[in-house]
Each structure stands twice: as structure tokens, then as C-alpha cells.
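Enquirer: Just passing along the structure, written as C-alpha cells.
Every read-out reported here was derived from the displayed coordinates using simple, explicitly stated rules and does not represent laboratory data. Note that this is a predicted model, so its numbers are computed, not measured. Glycine also receives a Cβ, built like all others from the backbone with ideal geometry; neighbour counts cover every protein chain displayed.
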Amino acid sequence: MARVMIYASLKAAWRRLTRHKLYACIGVGGLAVAMATSTLLLLFVRQEMTVDHGNQKLDRIYRVESNGSAVMPPAVGRDLASQFPQIESVARLSYGENLDYRVGEKRGSTGGFFWADPALFSIFTFRFLQGEASTALTRPHSLVLTESLAERIFGNRSPMGRVVRCDDMVDLTVTGVIADPRQMHVSIQALGSFSTLLEVYPGLKAEQYEDEWAYPTYVALARGQRPGDLEGAIDRYYVSHGIHGLSTVHLRPLAGLYFYSGPLLGDTYRRHGDHDLQVVLVAIAVFVLFLAATNYVNLATALATEREKEVGVRKALGAHRGQLVAQFLGESLLASLLAMLGAGAMVELLLSPFNNVLHGHLSLGLAGLPLLTVSALGLAAVVGSISGIYPALVLSRPAPAAALRGESSRGRKGAILRRGFIVVQFAISITLLIVTLVVLSQTRFMRGRGTGFTSDRVVVLQLNREIKRHREAFRQELLGYPGISKVAYSCRVPGENLWTWGAVTIGGKKLPHVFVDAVEPDYLDLMDLKIASGRGFSRRSEEGGTDEYLINETLARMLGLDDPVGSAVVDTGNGDDGRVVGVVRDFHVASLRHAIPPLLLYQHPGSYGRVSIAIDPGHEADALRHIQSVWEEMAPEFLFRYDFLDRIFNRQYQEEARLTHVLTYFTALAMLIACVGLFGLASFLTLTRTKEVAIRKIAGATASGIALLFVGDFLRWVLLANLIAWPAAFLLGRRWLEGYAYHGGLSALPFVSATLLSLILAAATVSIQAIRAATGNPVESLRWE
Amino acid sequence: MIVTDQLRKVYYTDEVATTALDGVNLQVDGGEFVAVMGPSGCGKSTLLNLLGLLDTATGGTYHLAGQDVTHFAERRRARMRKRSIGFVFQSFNLIDDLTVFENVELPLLYLGVPRAERRTRVERVLNEFQILHRRNHFPQQLSGGQQQRAAVARAVIAAPKLILADEPTGNLDSAHGQEVMDILESLNRGGTTIIMVTHSAACADRANRVLHLLDGSVVAEEPQR
């Protein structure tokens, strides 16, 4: 009998949906959109939360850190591999870089190139499509490509054994191809054998601990080993060998590494997951579902008046309440299932734009389809049950006689609850809107706030061997062009990862880590860096370093000296002791999320890796063409690539930009769902008030007065929603801004803007129905009644 | 069949108490056709609702088929209704989303009658009431007379011992009204007890007995004809 009743109920439910198309669109359509959105968001969050989880040894893999640095000198990896039997494998990586490659006539850039120890494949799980993990990087000059890079370079042909010329400096032979490692905390495109590094850079001091803190180092512990015990053993080892810079080694588990956001130096080689963003996305997924579900509940309970008599009749014919609850719950589940089918189609369509907004790589492969299907059905069941239970209880509650008389729908409880849902919906949407405006405002603040250096029309090129060798000639060729005013070399530019020195002593004070940058005297002029005390560099060094150092104001404060100018600088990473000759006014080298770090500037032509070129206004296009022609003439083997300094710096705000996009899109969606719900409810409620409208008009009310009456009724609730949203948004906004060392504060503008926008949207939504009700013929209404 | 003793019903709205029935004593034997008449608001529909177990009495007792049903819980009432009572309403009260066939079939669904038997019985009744050709139509597609015939068909499909009709011809023209009264009379001749609320003297003439209600009490009773 249950099966028969279910079939009968579902048949009736389907007919009801097709009869009330508007409400079906709003209820079912809204659920479909919400389910599609939530599915995408939750899939993305799942993807983010499972970064690195594909590694079979996940629970035994750790990254080695020490003294606030995420990167180690190369000697540490050697020591760990040879001195500690508790460690099963050790692998070092270099910092990721862009490698220019050439194969025959084909040229390009790899992106994501790392030098790596062969044990990397013992620690991390890579899927080899060609070659063997055990041998791929054991020999010098070996190269492992990802599948997509191999296809880009070699097309359909096998790359195995092929020679790739890299940076016109070293030949590497392809020894393996791996499946694209998407779910890894490091974005790898290609791996070269670490042993090649020492050959390519003979100056690399592989045996020292004081400098070259630049190599992420990973270990896989032997089974049963505890990281705490090993940390102690490593500390004791280095202390006993007199290497105090490594006396506080920490092993960070790989499992939590992706989301780790602590202030570690050198931690920019990897991808950084944003845990707060995942929380925001899950919250949005839940909110959006909640909004759509409350729309459904609201409409279902509002439509209860139409179904009162049906309930009375069914009860009169012998149905008990349980049967009616099951019937209405069944209708809700059917609506939810239909919504999920619609959502499935939407997910397919929205996948690509979604990946663009969130920089994700979601795909609906066949492998994941069974789990996705089960999850989708589960979600439909949960949403259908939750959104259907209240209407089912409300609809089935009336006693038969009361239902037949149509008395139960005149109660106030349902109306209050429906308005309560509207208030909650708008409160959530307005909170999202205010937070979005705060994030937008902060992003604008960071981009617009002075950085302390000039970045307008400054082109930055990455140096190659040829340009480095003919540095001065290159400079003169550029300065010979009228539209180019300044040229200066440096190791890095603001917005890029700066090097650090492990332990430098300034004015007798030993500092564990300072950021350093090798720069020319011209660099200060080009960047318009101001001297706070002392002077700049006295002369330009053509070859080796000099004994002159500049420090920034932050470092000067750390030293705690009355006048740091003249302080001795010893134990430097470049081996050149000297003195502080001047203090530079603080300027931002990283995003305004971080406080300005202590910075030491020095000259060292051998370390220069960038050339910055200042272009006069109006000459940008011609100057770029000139720069390119000079480059191609002096270094034809190397691809001409350039960037602008302001773009390099602002690229740090990609996470904020991503968050802004996410919040903007989903806030708009939340508002849309809330407004659609309001529209549905307003259209229904104006129908039920036609008699009231007719009577008012007969009594003398104007059409505009009646329209205002309707609109005003709803706007009261939206205003109440704002009062609830403001404190919530204030707390969220303030918490978010606290994550920034520099922020513009929380002004009233986002709050006022959000309130005005919500009121305007609500008024526009309701006014369509209000005007229709107000301009109707009262006689028709009364006759209808 | 039906015995009520001092049956009372009071409606409470905020602080206002309205006495709809004020101590009604009623006895209806099996097979009787009783008409209930009275001005608007006298308690006719309330009496019918209590007799049909659609509402609960505030005071007094109600025995139906020898059982004291006064304080039955809703589940027992529902069981009693589907087994023993059929309803005919003034405004037909057919369910718009169900076809004629499905509307008439509904009581049999709640009784758990197997599909084949349901089909046979519904088709027979629809044929008797001359609306078989409309079986797949929805109520909105029928005339008033046809709708009421469908409603009566639904009321009798489960062969109830008692039929309660609230103004069954109120929304019909005279011709269709006559048709419906003919059907009710015919059912009564077959042994079904019928209690009918009506404003129409012509309809009341079809009954064996007429009760007159005023202000919630039985004030007069016309003898059996």
C-alpha cells in the first residue's frame, strides 16, 4: 500500500509543479541553482583539502625548517641522508624558476622548473608514464617532464632520450614523463637532477651552512619514528658540530603544509592554500542552499492556503496525519530530485567559468562519477527532507473541519515565520555584500597606497648569461634611446621572493635572518628610494662586491642603535664585510598583508638577475620595441620576456583578487535568490490580499498609496535584516582586516551602500506585484472573491 | 446507529467563546434519511462535522454504530471515517490535481484495496453515475452537476453505512439538484443512512425526518413521513 500511495502522491506532485509554473521555477529552479553552486564549491573545497593526500607516505613526510626559515642550505639534505638512520629518504628542491628551453627550432619557457634529488620520487608519489622513478634523476643532466609540458614541447612524439637545451647554458636529457601532479603543494612542470645544479653553478657552496638558505628539504621518516625525537637528535647533532644556526630544527608534516601560512622566510616557492577561503566557500555553499531551501519552504507554506481544502478532504476520506506528512515530504523530495537533475546539467556548463574564477582545475571524469552521483542523490535527499519537513508538518496539521472551512490559514504564525525567513535571507545576503565591499575596498587600498618606490612605467627583464656578461653595453644601448630615462640592475625587484642571509652581524648584533637584495646605486634613483640618514652607495661596483651596505628603517629600529650609520657588517652571505653607510626609508618589498621586513642592500654584480628600465610617459610602445631589438641583437638565444614592475608587485594580490571574485559572484547569487524568493512571496501575498485592495480602493485609496503600502510592508523587514547584518558584517570585516599589516580600516561606506542597495532591490522586486495589485479593477477582485 | 447526548461545541477565538452547538440530543436509526434545517449560523454544519468525526465535541457524548467515539484520537477517527462514513460537500471538494477516476478511487487507496479491485469498483460506480466517459478529466473540466456526481461517487465508493451531505445541491441548478437528490434517495432505499443539511424545503421533503436547529439547539422535529 505504501508503494501505491507513493506513486499516487508523486503523480499528483508532478501535476502540481506543472500547474504552478512560476512557483515551480522559483522553488525548484532556485534549489537547482543553489545545488549546482554548492556542488561546485564543495568539490573545489574537497580538492583543496586533499592537496598532497595522494602521497602514499603522507603521514611520514615532513619538511625541514629551522630558525624561522622554510628553506635550508644544501648541506642539510646531505647530512640528514647520511647521519640519521631514522630517516628513510631525503630530497632537496631548488626554488622554482622559468627555464627557457630549445629543442631544434622550437623555443619556449617551462614555468615550474625545479632541480631535485632523485629521492623525491621515493618520498612523493608521482605517476610515471614513461621512464622509471628509481632512475629518472639519478644521473646528472637528467630531465623529467610533466605530461602536459612534454606534449607542448614534443607533441605526439616520445620525448625519452631527447636533449633539451636550457637557458642556453645546459643540455638536459629527458629520462621520464610524469602525469601532471595537480594535487601537490608545489606546481611542478619539470624536474632536473640536483647533481646538475652544482655543475651549472660552480659558485654554489654545497658544504656551507651560513648562506644559500634556498632549498626546500623534505624527509620521509622510517616507520615508527617520531618527528619530535628526530628533531631533538638533529638539534644535538648540529650543536655538537658547532653549527648553531641549525639548532632549532622543526619537522613540519606534509599533511598541513599547504594551508600553513606562518611567517617563514623563503616559503614562497610553493602554492599556498587559503584556509580562510575554504571556510568562506563552505559557508557560502551552506548559505546558498539555505537561501534556496527557505524560498522553497516559504512558497510551500504560503501555498498551504490553496491546499487546505485538499488536506481537509483527504483527512475526511480517511488519511491520517502521517500519510499526509509522507505525501508532502514526497513532493519535496521530488522537487529536490528534479532540482538536482537541473543542477547536474548546470554543473557541467558552469565548470569552466568556475575554474577561471577560483583558479581551480575541477573536472567531471568518469572515475569520480559513481561517488558524485551518490553524493548528489544524498544531497538531494537531505535538502528535500530539510526543506520539506516544515511545510509537511504545517500542511498536514489542520483538523479536518477547520481545513474544510479554510480557517487554519488565517493564523498569524505562518505569516510571521515567512517574514522571518525573508529577514534571514536578506540578512545573510547583506552580510555577504558588506564583506565583499570591505574586501574590495581593502584591495583598492593596497593597490593605491604608496609603496615607497616608483613603479609607473618601469619595465623589468630577467637577465640571462649574455646580458649579464655585457651589462654595461646593454645599459648604454638602452639609455641611448630618448624615451628611456634610467636603467638599473638588481638581484630582485619588489614583489619577488627576496633572498635571506642566515646569520649576519650588524653593529655587534647578530640577526638570525634579514632580507637582502643586491642593487646598483642607480637602483635607488630609479626606484626613487629616499635616504633617511647617511648616504647612498658612493660608486658603482663593476665586478665584485663593495664594503658599503644600506639598511632600511625597520632594520635600523631592530638594531636599537642611536645612529646605525657606520656600524660594522660582518658574517655576510657574500663574504664581504663592510659598514652601514646609510639608512633607506622603508619601502614595501612584499604585499601590504605583511609588515615591511628588515632589509639589507649591497652591491654584488655577480648576483644581479634583473634589469629595471624606466620609460618616459608617451614612449611605452616605442621604448619596448627598442628594448626588444637590443635584446634580440645581444642575446638572440634567449626569449625576450618582460613585465611591468607594478604588475609584478600587484600579482601578490592574486589571492585577494580571487577572494573578491568569489565573494562578488556568490553575493550576487545570494541576493538574486533572496530577491526571487521575495518576488514569489510578494506575488502570492498580493493575490491573497486582492479583497483588501478592492475594499481600500472603494473606500478611496489611490493606486500609489496601495502600492506604497505593499512595498513599505516588505521594506520594513529588509530594514530589520540590515540591522542584523551590520554587526555580523562588522565582526567579520574587522577580523579579516586584522590579517593585514596595513589596511584602510572599516568605514561606514560599505554598510550604507549595502543597505541602500538592498532596499532598492527589494523595492524593485516587490513593486512589480504591488503595482499590479494596486491598478487592478476592484470589482473584478471582489467578484473573484 | 447514531446517538448523541447533550452534544456541545464551543469555538474559542482569542477571548471570545462562541457556542455553536448547545446540548444536542439526537438519535438516528440505521437506514433513516434525516434532513437538518435552520438559519445560517444555527450550527447545522457544526453538527455534521461532529457526526462525521471531522471535529471534536467540547461536551456531551457521541455513539456511532454502538461505539462511544467522543474521545477517539485522530488516528482512530480517520479509520472510522474511511470505513463507515461518506461525505458530500456543497462545493464538491474534488482535488484539482487528480482526475475524476483518481478522486473517486481515493477512499479505496486509503483502505488499501488492491489495484484490480479498485479499478473494477470505480468503473462500476462511475458508470452508475453516468460519468465514466469523464474518468480521465480533471474537475475543472466538468460541469457543476458532473462534479457533484463525482463527489457523490467518491462518497459511496467504499460502501459506507452513513453518508453526510452538507448542502449537496447548494451550488447546482434545479435539474442537477434533482439528479443528486434522486441518487441520495436511491442510496437510502438501499439501506444507507443519510443525514443531510439543507436550506431547500424541496430537498428536505425527500427525507424521512426533518430536524430544525436554532442557536445550536434542536427546536423542532418534523415527524417521519
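Enquirer: Based only on the alpha carbon positions, what is the Kirkwood hydrodynamic radius of the stretch A:612-759, in angstrom? Write out the running numbers ahead of the final one.
Expert: Numbers: mean 1/r = 0.0464 Å⁻¹.
Computed over the stretch A:612-759, the radius equals 21.5 Å.
Enquirer: How much FRET efficiency would the formula 1/(1 + (r/R0)^6) give for B:Ala116 and A:Lys21, where r is the Cβ-Cβ distance and R0 is 25 Å, rounded to 0.05? Mind showing how you got there, number by number?
Expert: Values: r = 36 Å, r/R0 = 1.44.
That pair, B:Ala116 with A:Lys21, gives E of 0.10.
Enquirer: Expressed as an acute angle from 0 to 90° and rounded to the nearest 10, what is the orientation of the C-alpha long axis of helix A:2-19 relative to the principal long axis of chain A?
Expert: 80 degrees
Enquirer: Taking the 0 to 90 degree range and rounding to the nearest ten, how far is the long axis of helix B:144-156 tilted relative to the main principal axis of chain B, both from C-alpha atoms?
Expert: Tilt of helix B:144-156: around 80 degrees.
Enquirer: Treating only the Cβ atoms of Lys and Arg (+1) and Asp and Glu (-1) as charged, compute the dipole magnitude of the protein assembly as shown about its Cα centre; round to the nearest 20 debye.
Expert: On the way: 101 positive and 96 negative charges, 806 e Å.
My answer is approximately 3880 debye.
Enquirer: State, in angstrom, two size descriptors of the stretch A:114-157 derived from its alpha carbons: Rg to one decimal place and Dmax to the nearest whole number.
Expert: 11.0, 30
Enquirer: Hey, another quick one. How far apart, in nanometres, would the label points at B:Ser91 and B:Val219 be if each is projected 7 angstrom from Cα along the Cα-to-Cβ direction?
Expert: About 2.8 nm, to one decimal.
Enquirer: If you don't mind, there's one more thing I want to ask. Tell me, rounded to the nearest percent, the portion of alpha carbon pairs in the stretch B:46-106 spaced more than 16 Å apart.
Expert: Working: 943 of 1830 pairs.
Counting pairs separated by more than 16 Å, the tail of P(r) holds 52 percent.
Enquirer: Work out how far the C-alpha atoms of the stretch A:154-295 reach from end to end along every principal axis, then list the three figures in whole Å, largest first.
Expert: 68, 52, 30
Enquirer: Above 23 Å lies some portion of the pair distances; for the stretch A:425-582, what is it as a whole percent of all C-alpha pairs?
Expert: Values: 6483 of 12403 pairs.
Roughly 52 percent, rounded to a whole number.
Enquirer: To continue, here is another question. Please pull out the direction-averaged projected area of the stretch A:268-368, using the convex hull of its alpha-carbon atoms, in nm² to one decimal place.
Expert: Working: hull surface 41.0 nm².
Average projection, Cα convex hull of the stretch A:268-368: 10.3 nm².
Enquirer: If you build the Cα gyration tensor of the stretch A:475-561 and take the root of 5 times each eigenvalue, what three semi-axes come out, in whole angstrom, biggest first?
Expert: Values: eigenvalues 152, 39, 33 Å².
For the stretch A:475-561, the ellipsoid semi-axes come out as 28, 14, 13 Å.
Enquirer: With the cut-off at 1.5 for a/c, could you classify the stretch A:513-605 from its C-alpha gyration tensor as rounded, prolate or oblate?
Expert: Because its axes are fairly even, with a/c under 1.5, the stretch A:513-605 counts as rounded.
Enquirer: Taking Rh as the Kirkwood radius, which is the inverse of the mean 1/r over Cα pairs, what is the Rg/Rh value for the stretch B:138-225?
Expert: Rg divided by Rh gives 0.99.
Enquirer: Rounded to the nearest angstrom and ordered from largest down, what semi-axes does the equivalent ellipsoid of the stretch A:35-148 get from its C-alpha gyration tensor (root of 5λ)? Can you show the working numbers first?
Expert: Numbers: eigenvalues 146, 117, 48 Å².
Value: 27, 24, 15 Å, ordered largest first.
Enquirer: Note down the nm distance, to one decimal, between modelled labels 7 Å out along Cα→Cβ at A:Leu723 and at A:Leu757.
Expert: Going by the 7 Å Cα→Cβ label model, 2.3 nm.
Enquirer: Rounded to the nearest whole Å³, what is the per residue volume of the convex hull around the Cα atoms of the stretch A:349-402? Write out the running numbers ahead of the final one.
Expert: Numbers: hull volume 6.9 nm³, N = 54.
It comes to 128 Å³ per residue, whole-number rounded.
Enquirer: Could you give the size of the charge dipole of the stretch A:1-156 about its Cα centre, using +1 on the Cβ of each K and R and -1 on the Cβ of each D and E, expressed in debye and rounded to the nearest 20? Each step should come with its number before you reach the end.
Expert: Numbers: 18 positive and 13 negative charges, 277 e Å.
Approximately 1340 debye in magnitude.
Enquirer: On to the next question. Quick one: which residues, 5 or more positions from A:Leu600 or on another chain, have an amide H under 5 Å from its amide H? H modelled 1.01 Å from N in the peptide plane, none for Pro or chain starts.
Expert: A:Phe515, A:Val516, A:Asp517
Enquirer: Mind checking the full-extension length gain between A:Ser148 and A:Arg236? Use 0.36 nm per residue of separation minus the Cα-Cα distance, one decimal, nm.
Expert: Numbers: separation 88, 0.36 × 88 = 31.68 nm, distance 4.47 nm.
Answer, rounded to one decimal: 27.2 nm.
Enquirer: Which value, in Å to one decimal place, does the Kirkwood hydrodynamic radius take for the stretch A:308-464 when every pair of different Cα atoms is included? Show your work: numbers first, answer last.
Expert: Details: mean 1/r = 0.0472 Å⁻¹.
Averaging 1/r across every pair of different Cα atoms and inverting gives 21.2 Å.
Enquirer: For chain B, what does the relative contact order come out to in percent, with C-alpha contacts under 8 Å and a separation of six or more? Before the final figure, lay out each step's value.
Expert: On the way: 429 pairs, mean separation 67.1, N = 225.
It rounds to 30 percent for chain B.
Enquirer: While we're here: Given the DSSP H assignment, sum -39500 (n - 2.57) over each helix run of at least 4 residues in chain A and divide by its residue total; what's the result at 222 nm in deg cm²/dmol, nearest 500? Please list the in-between numbers first.
Expert: On the way: 25 runs with 396 residues, N = 785.
When only DSSP H runs of four or more count, the value is -16500 deg cm²/dmol.
Enquirer: I've got another one for you. So how strong a dipole does the stretch A:216-320 carry about its Cα centre when Lys and Arg Cβ are +1 and Asp and Glu Cβ are -1, to the nearest 20 debye? Could you put the intermediate results ahead of the total?
Expert: On the way: 10 positive and 9 negative charges, 70 e Å.
Dipole of the stretch A:216-320, to the nearest 20 debye: 340 debye.
Enquirer: Moving to a separate point now. Could you tell me how many degrees, from 0 to 90 and to the nearest 10, lie between the Cα long axis of helix A:412-448 and the main elongation axis, the longest principal axis, of the Cα atoms of chain A?
Expert: So the inclination is approximately 20 degrees.
Enquirer: Shifting gears a bit: Quick one: work out Rg over Rh on the C-alpha atoms of chain A, Rh as Kirkwood radius. Before the final figure, lay out the partial values.
Expert: Details: Rg = 33.4 Å, Rh = 31.0 Å.
Ratio of gyration radius to Kirkwood radius: 1.08.
Enquirer: Which GluC sites (Glu not before Pro) does the stretch A:80-110 hold that lie in a coil by DSSP with at most 10 other beta carbons within 10 Å?
Expert: Numbers: sites: A:Glu88, A:Glu97, A:Glu105; in loops: A:Glu105.
Listed in order of number, the matching sites are A:Glu105.
Enquirer: I'd like the GluC sites (Glu not before Pro) in the stretch A:505-603 restricted to DSSP loop residues with at most 15 other Cβ atoms within 10 Å, sorted by number. Walk me through the intermediate numbers first.
Expert: Values: sites: A:Glu542, A:Glu543, A:Glu548, A:Glu553; in loops: A:Glu542, A:Glu543.
Hits after loop and neighbour filter: A:Glu542, A:Glu543.
Enquirer: Which one, B:His212, A:Ala326, A:Phe515, is farthest towards the positive end of the dipole of the protein assembly as shown when Lys and Arg carry +1 and Asp and Glu -1 on their Cβ?
Expert: My answer, from the dipole projection, is B:His212.
Enquirer: Please compute the Cα-Cα pair-distance distribution of the stretch B:52-180 with 5 Å bins starting at 0, giving whole percents from short to long.
Expert: 2, 11, 20, 21, 19, 13, 9, 5, 1, 0
Enquirer: Output needed: percent of Cα pairs per 10 Å distance bin for the stretch A:1-80, bins running from 0 to the one holding the longest distance.
Expert: Taking all Cα pairs of the stretch A:1-80, the binned fractions are 13, 18, 19, 14, 12, 10, 9, 5 percent.
Enquirer: Within 10 Å of each Cβ of B:103-111, how many other protein chain Cβ atoms are there on average?
Expert: On the way: counts 2, 0, 1, 6, 5, 2, 9, 9, 3.
That works out to 4 on average.
Enquirer: Can you pull the Kirkwood radius for the stretch A:213-313, inverse mean 1/r over Cα pairs, to one decimal in Å? Numbers along the way, then the final one.
Expert: On the way: mean 1/r = 0.0518 Å⁻¹.
It works out to 19.3 Å.
Enquirer: Still on this structure, please answer the following. In the protein assembly as shown, what % of DSSP beta bridges are antiparallel (nearest 5)?
Expert: On the way: 85 of 121 bridges.
Given both bridge residues lie in the protein assembly as shown, the antiparallel proportion sits at roughly 70 percent.
Enquirer: What do the square roots of 5 times the Cα gyration tensor eigenvalues come to for the stretch A:122-208, in whole Å, largest first, as semi-axes of the equivalent ellipsoid?
Expert: Values: eigenvalues 97, 53, 28 Å².
Each semi-axis is the square root of five times an eigenvalue, giving 22, 16, 12 Å.
Enquirer: Lys/Arg Cβ at +1, Asp/Glu Cβ at -1, dipole of the stretch A:69-199 taken about the Cα centre: which of A:Thr138, A:Ser82, A:Leu198 is farthest positive-ward?
Expert: Of A:Thr138, A:Ser82, A:Leu198, it is A:Thr138.
Enquirer: Could you check the simple spin-label distance between A:Glu348 and A:Ala473, using points 7 Å along Cα→Cβ, in nm with one decimal?
Expert: 6.1 nm
Enquirer: Right, something else. Could you give the radius of gyration (one decimal) and Dmax (whole number) of the Cα atoms in chain B, in Å?
Expert: Spelled out, the Cα radius of gyration and Dmax of chain B are 17.4, 53 Å.
Enquirer: Let me ask something else. Report the net charge of residues surrounding A:Cys491, where surrounding means a beta-carbon distance below 11 angstrom and charges are Lys +1, Arg +1, Asp -1, Glu -1.
Expert: Working: positive: A:Arg492, A:Arg610; negative: A:Glu496, A:Asp517, A:Glu520.
Around A:Cys491, the surrounding residues sum to -1.
Enquirer: The stretch A:558-608: Rg/Rh from Cα coordinates, Kirkwood Rh?
Expert: Values: Rg = 12.8 Å, Rh = 13.0 Å.
A ratio of 0.99.
Enquirer: Still on this structure, I have one more. Trypsin sites (Lys or Arg not before Pro) within the stretch A:237-335: which are DSSP loop residues with at most 15 other Cβ atoms inside 10 Å? Each step should come with its number before you reach the end.
Expert: Working: sites: A:Arg270, A:Arg271, A:Arg307, A:Lys309, A:Arg314, A:Lys315, A:Arg321; in loops: A:Arg270, A:Arg271.
The qualifying sites are A:Arg271.
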